[in-house]
Amino acid sequence: QVQLVESGGGLVQSGGSLRLSCAASGNIVSLDVIHWYRQAPGKQRELVAQVTIGGSTIYTNSVKGRFTISRDNNKNTVDLQMNSLKPEDTATYLCHAILRTVAGGPTYSYWGRGTQVTVSS
């Protein structure tokens, strides 16, 4: 049974920092792509950052230069370091993985339940 569990959310003042972590567990052979999404009330889910198994990253424009995604392949964890936080970063942050449970086998999509980030002005 594969699970993704996010942690690290909380309440922070504008300009502050938080570090989110996504821990993947279960019968995982490879985490091909990991995404951090966020969803604010009344808004569509938005891709924040992505890291591939090779370490390539992409970021949505609004977080470039402020957020950094990183992964530890030995621990099957992916972190999102968030600096210079703004009130508009307030959202539930969700981890999403495209992974394989068998080497060379099909990929599967999994979601975590999310962690709340609230940035006060």
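Checking each residue in region 81-106 for being hydroxyl-bearing (Ser, Thr, Tyr) and farther than 14 Å from Asn27 by Cβ picks out Ser84, Thr90, Thr92, Tyr93.
Remark: Pro41 matches the filter, which requires a residue to be closer than 16 Å to Val119 by Cβ and modelled with pLDDT under 95. Looking only at region 16-47, residues that are under 14 Å from Trp111 (Cβ atoms) and surrounded by 14 or more Cβ atoms within 10 Å (Cβ to Cβ) come to 11 in all.
Residues in region 99-120 that are assigned to a loop (DSSP other than H, G, I, E, B) and open to solvent by less than 30 Å² (accessible area, probe 1.4 Å): 3 in all. The residue that is most open to solvent (accessible area, probe 1.4 Å), counting only those in region 48-69 that are of a type outside the set (A, V, I, L, M) and at pLDDT below 95, is Gly54.
Listed by first and then second residue, the pairs with beta-carbon distance under 9 Å, at least 6 apart or on different chains, first residue in region 31-50 and among the aromatic types (Phe, Trp, Tyr), second open to solvent by 70 Å² or more (accessible area, probe 1.4 Å) and assigned to a loop (DSSP other than H, G, I, E, B), are Tyr37/Arg45. Within region 1-26, the residues that satisfy the criterion of being outside any strand (DSSP E or B) and at pLDDT 95 or above are Val2, Gly8, Gly9, Ser14, Gly15, Gly16, Ser17, Gly26.
The values are calculated or read from the model by the stated rules, or taken from the named source; none is laboratory data. Predicted model only: the values in this text are computed from it and were never measured. For neighbour counting, all protein chains shown are included, and Cβ atoms are generated from backbone atoms with ideal geometry for every residue, glycine included. Only protein heavy atoms, including side chains, enter the accessible area calculation; ligands, DNA and RNA are left aside. Shrake-Rupley method; radii C 1.70, N 1.55, O 1.52, S 1.80 Å.
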